[in-house]
Amino acid sequence: MKLVFAIISNDDRNAVVDEVTAAGYSVTRLASSGGFLRAGNTTLIFVVEEDRVEPLIELIGKHSKRREQIVSAVAPQYGEGFISPVPVSVTVGGATVFVVDVEQFRQL
């Protein structure tokens, strides 16, 4: 058995959860935050048989793509004497997936 943690963007959460549950996976969702933008994330937790890990990761990847987003960053505007927001492009989305061995699994 394997324990799979997938950290995904909240923007991708519904599509990923709908797809994996339709494929027969049980999932636990946890709200989380962090990263460069301190944006909301969702951590998904699965316990699966080893032969179901790769299909699960493929489903997660299919619905949690990286994309570019314009955000405001504070940067000095030289010569004007003040600081104003400057739009910058950053990569958001995608998934971070951890797979670990499970010594024991019980549902009580």
**Pairs where the first residue, in the stretch 82-108, is more than 19 Å from residue 67 (Cα to Cα) and the second is at pLDDT 85 or above and of a type in the set (Lys, Arg), C-beta under 9 Å, 6+ apart** = 99/2; 100/2; 101/2; 102/2
**Message:** When you check residue 47 against the structure, is it of a type outside the set (S, T, N, Q), touching a strand residue (DSSP E or B) at 6+ places or on another chain (Cβ under 8 Å), at pLDDT 75 or above and in a strand (DSSP E or B), yes or no?
**Reply:** yes
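The values are calculated or read from the model by the stated rules, or taken from the named source; none is laboratory data. Only a predicted model underlies this, so the values are computations on that prediction, with no experimental measurement involved. Glycine gets a Cβ as well: all are built from the backbone with ideal geometry, and neighbour counts include every protein chain shown.
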